[in-house]
Amino acid sequence: MMLQDGSTQLLCLTASSGVPLFTRGASKQLPFSVIGSLNGVHMFGGGQGVVLSGCETEGGGKVVWRVFQDSVMLIAVNGGGQGGVGCSREEEVRLQRLLENVWNCMVLVLGQDELANIRNVERLKRDLRSCFGLIDQMLEERQEGVLGSLTHCADLLLPPNPTLLQEAVDGFAEAADSEFGCLIIHGRIAAATEKWWRLAPQEVVLLSALIRSLSDSASASCDYPVFLPHGSPTVAHRLLRFQLLPGADVCVLCGPSPSLHTAETGLVGRFWAPLVETLRDCLAVGERCVPQAVNLRPDVLALLLINRETRRSVSSVLHPLADAPPPSKARCWELLKLFYIFSTTRYFTQEESVCVSTEESGPRGRANDFARGFSHQPLQCYLVTEECKSYALQTPQHQLFLLFPPSVPTFVLRTAATQTLSDVVAATGL
Amino acid sequence: MVVQPQVRFLQTRLGIAWETRRQLNKMAVANCDKRVYGSQTLVKGSNEERDDGNDRESTSSSFRSSDCSDDLEPEWLDDIQKNGELFYLELSEGEEEAALAHANASQGVSTNHVHFSEKEDEVITEQNRKQRCGSRTKGEPALKRLARILRRKRHPSLHKGRGKDGGKGSASQPASILKNQPGHRQGVMVQQQQLKEVCVYLNPKRLVGSSACVSDSGGLLEALLGVVHRSSWSRGQRDPTVTPQAERLTIHGLIPNSPAIKSGHILIGDVLVAVDDVDVTSENIERVLSCIPGPTQVRLTLETASADSCSSADSSPARPTKASPPVSQLVRLLWGEDTTELQMSIGHIPHVVMYLSLKLDSASPEEEEEILYQYPVSEASSQLKGVRGIFLTLCDMLENVTGGRIISSSLILDKHLVHVGYWKESTNLLVIGLPADRVPLLYLQTVVGDIVRTLKVMYGSLDSAFCKTDHAPKLDHFFCLFFQQLIQPSRLMDSSSAQVPDISGTLFLDGLPAVRWLALPPEIKMEVDTVLSDFESSDFGEMSEDFFGLRRLYVILGCCLFYKSYLIANHLPKEDLLDVCLYCQHYCLLPLASEQRVGQLVIWREVFPQQRTGSGSIAPGYSQPQGRHFLLIVGLRHFMQCVLLEAGGCASPASGATGPDCVYVDQVKATLLQLEALEAGIEERLSAPPAPCLSCADWFLPASTARDRLDSLASSSPVFSKLAGAVKGSSSRSRGRSLFKERSRRPSPQRSPSDSGSEGHMDAGSGFSPHSTPDPARKLGGRRDSFGSGGSDGSGGSGSLFKIPRMKHPNPFYLGTLKKTLTERETEDMYNTMKLTSGTENTLFHYVLMETVQGIFIAPTHREVAQLSGSIHPQLIRNFHHCCLSIRAAFQQSLPARARRAADRPQGGGWGLGPVKEHGVLFQCKPENWTDQRKPAPTMTYWVIGRMLLEPVPQEFYVCFHDSVAEVPVEMAFRLSFGLAV
C-alpha cells in the first residue's frame, strides 16, 4: 500500500501532455508510474468518449479526476483505511470539492490565462509554488471550525456589536478607494462591505482562506495580487491586508491606488485605533462564533447554520467542560462536517455555486443524483450513532445541522432543533 | 387408473414397486377434491367447475380418454438439457379463461378445457368467435391462448415430442386451426376464420397519407397504418354479423408505401381485430391509434378468410418470428424466446457485463482474448467495452495504492452517468456497468454482490460460470433478465399494467438478505409444516432402502414453500434459503407465481450452496459431507416449493449430468396438491385486514374540498347513503370500497392545523404533544377491511364464508355500539387487529421488518397496499423505498463484515460517523397539480425511520408514519415482531 491510511494526495498534471506540475499532501509521494497510470486511464477514456470521474476501493479508498479548462488535470487520491474520515460516498464529495477549491486557488494566484494556455511548463511549475500554502491549507483543513471550503458559504463570526464594526469597515474601504472591504477575525468574516458579499460565494471563501494563510505568515501587512476566479479571472486586483491585532485582519480589494504604505500609515490607525476594545471583544467570542448573548440549549454540542440565500454560515462547537465526555472538540468538528456531507448528498439540495466552467458541470451535478430520486421533499433528518445524535433541518431559507450528546432522547431532537433555529435566527438576523 | 401409465413408466425406470406410491397418489387425489393427478395434464377444476358436478364429470372423462394413451412421459421430460438442467414453465389460464370455457361448455362446445396443453390444441371456433364479438372482455384471453399456440409453434424445439397428436385424442374435438396439420385437415380448416399476427412499425410523426387524409373518414387508420376501411354506411351495405355502432374493421384497401403494405402480410379482405392486444372496431380504432406516442412497433391481429395464405405464412420458415404473443414479456423471456427486441429497446442505455482476464498471455495471438465474456453487444456497451483497459488498469493499480480492491468507478458516457461495479476473483475481473439513474452508487455494491452470489450458487464459481463456452447462451439469458429487471422493469411486468414500477423498492427488497414472509395463522402454519416435514422425511415407499437394498438417490436437505411470492414455510438453514431465494428472485419466479397462475413449473439444476460448498468455518469435529447439491423447484398455481437435495454424503453419489428424477418431482407435486387444500385458509389470511393496520397517505391530506364533495355525495346519492349505513353496522355488502374508505375516515381536528401549515412550519411542539401515550384500549385503526377485493382467486364457496365484512370503524366512539352488533368472532378479530402507532389515530403508512437471523422480512402484502389505493400513497411507498436504500446503506457501512450478504468481501474501513443505530428522514408531500392559486397547497409530512436492533434478535426495522405522533421506532419494532410472532 503506497498511501497511508486516510491521507490525501493531490496530483496536478498538464492535461494534454501529462507532465506532472506538482503533488501535494501525504508524506510519501506516489511513485511516478502510478501517477502516470492514473493520468493515463483518464486520458485514454477521454479519447474513447468516456469521462472517468471517480473510483472507489474497499476500505474507503477513493480517486477523483477532473480536468479544468482542458489544460490542467487534478487528481485526488485518498488512502481510505481505518483512519478514513468518511464513507466513500461522503469522501468522494469532499474530494470533488477539494479539486474545485484547488483549481480556484490556482486561478486566484496565477490567473486563468496562464493556466489555460500553458506555454512554458517549467515556469508554470515554478509559479505554482506560490499557491502551495493555500493548497496545503485546503488539503489539510488545518483550522478547526472553518467549513467554507466544504459548504461554499462564507464562515461568519457574529460580533457582539456589529454596527460599529460595519461602519468602520465601510469607512475604511471608502477611504482606501475601494468598494470591497472586509474584517476577518479568527479566519472568519466579522464584517464586510455590501460589495464584498456580492462576490461569488466561492471567492469569498477563497479570499478568507487566502487571508488566513497570509496572516499566518505573521507580517503586519501585505499587498497581494489576486485574480477572482469568477469575477475577473484574467485581470489581477490588489488585496491589501493589515493586521490589526493578532487574529484580527482587515483587508480591501483595490486598484492601483492607494499604495500599501499610504494605506497603512494613513488609514488603518484612523479607522481602527478607536475600535481596539471592540475588536478585543470580538476576539473573545473566539471559535464559538456566536455571541454569548444568544441562548443556546445546553445540550447542543455543535451547530452549523447556513443561510441559503445569502450563502453565509455560522458554525460553532460548544464545549462547556474540558473534561466533558467524548466526543472531543476536534471530533465534534469532524462529525459536524461528515454529517453535513451525509445530509446534503443524500437528502438536501446543496446549492451549486457558479461552476468553474460550464463543461465541467457534469461530475458536479451528480453529487445529488440520489437526492433527486425522492418523489417527496425531505425536510429534516436525524442520525443516531454511538457517539452522538445529529439532527438536520432545512427550510427554504436555512439549513441547520446540530449535534447532541447521546443522552438526549431522540424525540426531543426535533423540538430542540426548531427552537435553536428560531433562537439563533432571531438573535443574529442571519 | 389415471396414475397407471406413469406408474408403469416409473416402474420400468426405477425398477421398484409402486404400491405405496399409488396409495399416496390416491390420497393426494382424494385430498385435492378428486382432481385428476399424475396424468400428463393436471386438470385443476376451478371452483365453479367443482360446483357444477355434471359438467366437470364430462370434462374429466373426455380427458381420460385422451390422456390414458400410452404417453407415459411427464411433459417436461423433453426440456431437460444435456447437462441435466431443466427449466419448464407452463402457464395456466386465468380466471376469465376458466369462466369462458365454462360458458362454452354450457353451450355444448367442447372447449371446456381450462388448461392448455399441446395435445388438445386450442380451438377458436365460430361460436367462440361470436362470443368474442359479443363480449370483448372475455375475448381477450382467447387471443392470448391463440398467441401462445403461435409461440409454441415457433419453438418446436421446446416442445417437440409432444406434438405427436395427429388427430388422436382430439377426435371429439373440433379441429385445430393453427397447428401444422397434415394436409387432409386443410379441408376442415377452410371454413374457420383464422387469426394471424403482423408486426408493423408505426411512426406517428411521419404520417403516410397526406394531411387531408386525416380529416377524411380514414383518419389515422389510413394515415398512420395505411389501411383503407370503408365503413358500412359509406358503402351502403351492412354486414349482418356486426352491430352498427362497432363495426369490424375489414380491410378494403391498402395505401402504397404504407407500413401495412410493406409488411406484406396484411391482405385486402382481412379483418383487423386487435392492435397490441387491444380489440379494435371502427368505433375505437382512432382512439387506439392516437394513443401511440412515438415511433414504435405494434402488433396487429388480423382475421383472415383464406386458410391457405395463413398456413403457408405460418409454416414458412422465412417468416420473421415477430408476432409477440400477449403473454407477459417476463414469461417470454423465461421461455427463452427471442430477446433481441427487448434488448434493442434498451440498447441506447449504457450497460454492460464483462468478465476480463488480468493475465497477460502474449503467446496467443487472438484478438480481444482478455474478454472471457461480454453481454450485451450494443453500441453503448461496445463503448464501455472499448475502455476495458481502464477497468483492468484501475483494478490492478489501485489495490497497491490504497490497499483495497476496487469496488466501483463512475464515468460519464454521452452525458449518461454510468457506475461500474467490480468483482475480482483470482486473476479474473467481473465488471458490471449500470446507468446511475437506475442503480444509485450507494447500492451498486449490493447489486453486484447479489449477482455474484447468484452466479456462484448456480455455477460454483465465477470462473466455472464464465470460462465454459457452452455457458454463453445461458449467461446471455441470465444477464438479459438482469438488465431488463433493472433497466425496464415495466416492460417485463406489463401484465400488472398501470402502476409505475418501483425500482427503488425492487432494489431495496431484493437487496435485503431476507425473503418476504407471510405469517400464517398457527393452525394453518402447523399443517403446512407437517406436510412439508412429511415430505422431507422421504418416507415414500419407493425410498425404502431396506426394502430394495439400494441407496437413495438424494437426501432432502430441506425445502421452503412460497405462496404468491410470500414465503410461508421454510425448513432450510438461512444461508441456503438466501441462495435459493436469490435464484428465484433472479428468474422472477416469485412475482410470476403471484401474478400469473403457473400451470406447472419444474426447475432442476445443480447448485452450489455457498454455506455448504464454501470452506466456511464449521464447528470442529464436523465436516460437511462432500456431495453435490441439486435444487428442485416445482410450482403449481400459486404455490411454489423449492427443495434442496444432496447427492453423495449418505445418499448415493451422483456422477455426470444428473437430470431431474421423476419420483422427487412427483412427490413435490403431490405435496403441493395436498397443500392446495389449505389455499383457502392462506387466501383468507391474505385478504384479512392488515395487521398492523395501515393508513393511506391520501387520508391525511386535508383536501377539504374533496371531502366536502364526498359528503354531499353521500347525502344525495343512494349508493353512498347505503355505504354510510354499512358503517353503522349493517352487514350489507357494498362495492366501491375505495370511496367508502375515504368516506369513513374522518380527520382528527388536532391534526389539521399542523398539516395544512406551509412548509417550514416550525411548531414541532404540536407534533410531540400529548397524544403520544399508547392507547390502552387498542382502539381500532382508521380503516376497514375491504372484502372480496378481487383477488380471492377462485376460493369460491368456501372462501366466501370468510368474507364476512368486519366492521372496523375508524371512530373509536362508535366502538361501544358496534360491539353489541358484532358477532363473537368478529369481536375477536377486532382485538387481534394490531395498531402499531400510538395515539388515537392510526398513522402507520408502511413498514418493513427484517429478521436477520432467520433471513425473513415482513411488509404489508401487495394486496394490503393495493387496497389502500390513493394517488399519493404509491408515491409515498416509492419514496419510502428510496429512502430505505439510503438508510440501509448507512446501516451496512457500520455493520461488521459477517452480516453482509456478499459475505466473502471484507468491509474494512471507516465509516466516519460511527455505527448508525437509527436514522430518520422527514418528508413533505403536496398533492400534485394543485391549481388553487389563492391558497397554498395542503401539505402532509411523514417520517421514514430505520432502526437497527441487535437485541434480543438482530433486526432491521423500517417504518413510515405520519408525523403527528412522535413514535419510538424501537417500541414499534417490538410491537410488530411480537404481535406477528415472526
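The values are calculated or read from the model by the stated rules, or taken from the named source; none is laboratory data. Just so we're clear, the structure is a prediction, and the values are computed from it rather than from any experiment. Note that each Cβ is placed from the backbone with ideal geometry, even for glycine, and that neighbours are counted across all protein chains shown.
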What is the number of the single condition among (1) under 33 Å from the mean Cα position of the chain (by Cα); (2) over 19 Å from B:His348 (Cα atoms); (3) surrounded by fewer than 20 Cβ atoms within 10 Å (Cβ to Cβ); (4) not aliphatic (A, V, I, L, M) that B:Tyr422 does not meet?
(3)
Sole residue being facing another protein chain (nearest Cβ under 9 Å) and at pLDDT below 75, chosen from A:Arg372, A:Arg366:
A:Arg366
Residues of the stretch A:22-60 being within 7 Å of another protein chain (Cβ to nearest Cβ), small (Gly, Ala, Ser) and more than 29 Å from the chain's Cα centre (by Cα), which ones?
A:Ser37, A:Gly45, A:Gly49
Restricting the first residue to the stretch B:654-682 and requiring it to be under 16 Å from B:Tyr554 (Cβ atoms), which pairs with a second residue that is assigned to a helix (DSSP H, G or I) and modelled with pLDDT of 85 or more meet a Cβ separation below 9 Å and a spacing of at least six or different chains?
B:Gln667/B:Phe535; B:Val668/B:Phe535; B:Thr671/B:Val531; B:Thr671/B:Leu532; B:Thr671/B:Asp534; B:Thr671/B:Phe535
Taking the stretch B:922-977 only, how many residues are within 13 Å of chain A (Cβ to nearest Cβ), more than 16 Å from B:Arg888 (Cβ to Cβ) and assigned to a loop (DSSP other than H, G, I, E, B)?
12
Inspect all residues belonging to the stretch A:238-261 and state whether any of them is part of a strand (DSSP E or B) and of a type in the set (S, T, N, Q).
yes
If we keep only residues of the stretch B:887-910 that are modelled with pLDDT of 50 or more and closer than 23 Å to B:Glu399 by Cβ, then the residue nearest to the other protein chains (Cβ to nearest Cβ) is B:Gln893
Which residue pairs have Cβ atoms under 6 Å apart, sit 6 or more places apart or on different chains, and have a first residue in the stretch A:101-128 that is in contact (Cβ under 8 Å) with a residue 60 or more places away in the chain and a second that is among the acidic types (Asp, Glu) and assigned to a helix (DSSP H, G or I)?
A:Leu110/A:Asp127
Restricting to the stretch A:20-40, give me the number of residues that are assigned to a loop (DSSP other than H, G, I, E, B) and either at pLDDT 90 or above or charged (D, E, K, R) (or both).
1
Which listed residue, of A:Thr410, A:Thr395, A:Thr420, is in contact (Cβ under 8 Å) with a residue 60 or more places away in the chain and hydroxyl-bearing (Ser, Thr, Tyr)
A:Thr420
Given B:Pro501, B:Pro513, which one is out of contact with any Phe, Trp or Tyr (no Cβ under 6 Å at 6 or more places or on another chain), surrounded by fewer than 18 Cβ atoms within 10 Å (Cβ to Cβ) and either under 26 Å from B:Ala889 (Cα atoms) or modelled with pLDDT under 90 (or both)?
B:Pro501
Using the structure shown, decide if B:Leu636 is out of contact with any Phe, Trp or Tyr (no Cβ under 9 Å at 6 or more places or on another chain), assigned to a strand (DSSP E or B) and of a type outside the set (Phe, Trp, Tyr).
yes
The stretch A:202-233 - residue that is touching a Phe, Trp or Tyr at 6+ places or on another chain (Cβ under 8 Å) and of a type in the set (A, V, I, L, M) and, of those, surrounded by the fewest Cβ atoms within 10 Å (Cβ to Cβ):
A:Ala220
For the stretch A:61-74, which positions are in contact with a helix residue (DSSP H, G or I) (Cβ under 6 Å, 6 or more places away or on another chain), under 24 Å from A:Cys131 (Cβ atoms) and within 11 Å of chain B (Cβ to nearest Cβ)?
A:Lys62, A:Val64, A:Trp65
Hey, can you tell me all the residues within the stretch A:219-237 that are in a strand (DSSP E or B), touching a Lys or Arg at 6+ places or on another chain (Cβ under 9 Å) and in contact (Cβ under 8 Å) with a residue 24 or more places away in the chain?
A:Ser221, A:Cys222, A:Asp223, A:Val226
Selected residue [under 14 Å from B:Cys199 (Cα atoms) and over 35 Å from the mean Cα position of the chain (by Cα)] from B:Leu272, B:Leu267, B:Leu254:
B:Leu267
Some residue of the stretch A:124-139 being on the phi > 0 side of the Ramachandran plot, under 15 Å from the mean Cα position of the chain (by Cα) and surrounded by 18 or more Cβ atoms within 10 Å (Cβ to Cβ)
no
Name the one entry in A:Val384, A:Val408 that is under 20 Å from B:Val916 (Cα atoms) and in a loop (DSSP other than H, G, I, E, B).
A:Val408
How many of the residues in the stretch B:557-586 are under 19 Å from B:Pro660 (Cα atoms) and surrounded by fewer than 21 Cβ atoms within 10 Å (Cβ to Cβ)?
3
